[in-house]
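The values are calculated or read from the model by the stated rules, or taken from the named source; none is laboratory data. Here the structure is a predicted model, which is why all the values come from computation and not from measurement. Glycine also receives a Cβ, built like all others from the backbone with ideal geometry; neighbour counts cover every protein chain displayed.
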Amino acid sequence: MIHAALQDLSPRGRWALAAFTALLLAAPLVLDRYLVSVLVLVFWSAYVGQAWNVMMGFAGLLSLGHALYVGLGAYVSAALWVHFGLSPLLGAFPALAACLAFAWAIAFLGFRFRIEGVYFALLTIAFAEATRIGFDHIAWTGAAAGFFLKVSSDTSGWINLRGGPLFFYYLARAMAAAALAACAWLRSSRLGYRWLAVREDAEAARAIGINVMATRLSAVLVSAGMTSFAGVFYAFYYNSLFPNQVFDISRSIDIMLAPIIGGIGTLIGPILGAFILVPLGEILIAATRAIGIDAPGAKAVFFGLALMVIITLSPSGLWPILKKRFSQQKGEP
């Protein structure tokens, strides 16, 4: 599965990847707390980028409201823990159910009434925005004032996702690895080939007997389900939730950028994009603060410019270029 994604790499490329992986295992033992937090965000972005990539990269369905599933996963699991003491490991299942219900509603409306392309993307935004407005008025989850979780660094409380930086670092890394393995397996499965067939030509796929609506529905549900777990992690890592932040379209855009920059439809693309964009964003924020410039929109402008450059120079993203660079050359043993 994962091996299939890396089989074209040269021996040098494989050794470089193995060394980089080993460094990431030891990184939190030598890095300070801030750098560890940056890597946690990198792994989280890689995970949620893989989830978004299932819809757009594999099935060709553009979602501009993926923050909906992050927010639902976060709020449901956090509320169950705060009000009823339900462990997030168990609360993740109701969070998953909530995300699947919303995903099914979006897919049913979209596919039942043949809403496709940019109009389907607008439908995802509409659901995310409607949900944001709803949570702004739900007092049970703090409404617009925010919902706060009890902060704890007790490393023995892992069952409640309570722990220090090391705990969340290795948890985020495990989630990113699991997402990579799951997406590799899905793409090489019969369902994955159906996704790819529908993405390339829905009418041709329908002509050979593929149920296009069911195939697209499965992609939406898988993507939403994966993203719900990212929401659970988000809630218990940041310990505070605000509807205007967690459901905002800017978060949906952040989710999209990593796979777009790295390479839509590839397995390594979301990971590569996360390792590029997250550190660059942090560097940009630090640089503007260092020179005394208050520019809250600078990060978004920078990402927009970077996206324009990537789309112009390499529409397929950066990973296809790097893959050619590190691929097995003819005549190389």
Exercise for review: Return the total of residues in segment 66-93 being without any contact (Cβ under 8 Å) to a residue 24 or more places away in the chain and outside any helix (DSSP H, G or I).
Suggested key: 2
Point to revise | Leu96 being part of a helix (DSSP H, G or I) and free of Cβ contacts under 8 Å to residues at least 60 places away in the same chain | key: no
**Study point:** Residues located in segment 187-238, provided they are buried (at least 20 other Cβ atoms within 10 Å of the Cβ), aliphatic (A, V, I, L, M) and within 30 Å of Phe167 (Cα to Cα)
**Key:** Val222, Ala224, Met226, Ala230, Val232, Ala235
Point to revise | Failed item in (1) over 22 Å from Val198 (Cβ atoms); (2) surrounded by 19 or more Cβ atoms within 10 Å (Cβ to Cβ); (3) free of Cβ contacts under 8 Å to residues at least 24 places away in the same chain, with Gly110 passing the rest | key: (1)
Point to revise | Residue satisfying condition, being over 17 Å from Ser240 (Cα atoms), of a type in the set (A, V, I, L, M, F, W, C) and part of a loop (DSSP other than H, G, I, E, B), within set Ile133, Ile125, Ile115 | key: Ile115
Exercise for review: Would you tally the residues in segment 47-65 being outside any helix (DSSP H, G or I) and among the small types (Gly, Ala, Ser)?
Suggested key: 3
Review point. Is it true that some residue in segment 138-147 is modelled with pLDDT of 95 or more, within 19 Å of the chain's Cα centre (by Cα) and hydroxyl-bearing (Ser, Thr, Tyr)?
Key: no
Review point. Of all the residues that make up segment 152-202, how many are among the aliphatic types (A, V, I, L, M) and either farther than 30 Å from Trp81 by Cα or touching a Cys at 6+ places or on another chain (Cβ under 7 Å) (or both)?
Key: 7
Revision key, fill the gap. From the option list Leu241, Leu313, single residue qualifying as crowded, with 16+ Cβ neighbours inside 10 Å and either more than 19 Å from the chain's Cα centre (by Cα) or touching a residue at least 40 places away in the same chain (Cβ under 8 Å) (or both) is Leu241
Review point. Between residues in segment 184-205 that are among the charged types (D, E, K, R) and residues that are part of a helix (DSSP H, G or I) and crowded, with 17+ Cβ neighbours inside 10 Å, which pairs lie under 7 Å by C-beta distance while being six or more apart or on different chains?
Key: Arg187/Phe58; Arg194/Thr215; Arg199/Phe58; Arg199/Ala59
Review point. Of (1) surrounded by fewer than 24 Cβ atoms within 10 Å (Cβ to Cβ); (2) small (Gly, Ala, Ser); (3) touching a strand residue (DSSP E or B) at 6+ places or on another chain (Cβ under 6 Å), Ala26 satisfies all except one. Which?
Key: (3)
